[in-house]
1. Say we look at region 1-17 and pick out the residues that are of a type outside the set (A, V, I, L, M) and under 16 Å from Thr43 (Cα atoms); which of these is nearest to the chain's Cα centre (by Cα)?
2. Taking region 7-33, which residues are assigned to a strand (DSSP E or B) and surrounded by 15 or more Cβ atoms within 10 Å (Cβ to Cβ)?
3. Could you grab me the full set of residues in region 23-36 that are closer than 17 Å to Ser4 by Cα and either near ligand 2 (Cβ under 10 Å from one of its atoms) or in contact (Cβ under 8 Å) with a residue 60 or more places away in the chain (or both)?
Amino acid sequence: MSVSGLCQICESQPAQHRCPNCGTLACDDHFEESRGICVDCATQADPSRQSEDVDIHRF
Ligand SMILES: [Zn+2]
Ligand SMILES: [Zn+2]
């Protein structure tokens, strides 16, 4: 997968990835390949916070 443009997080390195969660272009340094999301989302997607959201929006 090739992405054109600069990393939107550091804006100094060419982007290698596109976050499927937020659409941010990220370089290798700012993309968590193990999770497949950018570091911004990795920080926000805290497991405890995520499960809390699921509980709130549950039927
Ligand atoms: Zn970067
Ligand atoms: Zn993201």
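Since every read-out is calculated from the coordinates, none of them should be taken as a lab result. Quantities reported herein were computed from a predicted structural model and do not represent experimental measurements. Reconstructed Cβ throughout: ideal geometry from the backbone, glycine too, with neighbour counts over all protein chains shown.
1. The qualifying residue nearest to the chain's Cα centre (by Cα) is Gln8.
2. His17, Arg18, Leu25, Ala26, Phe31, Glu32
3. Result: Gly23, Thr24, Leu25, Ala26, His30, Phe31.
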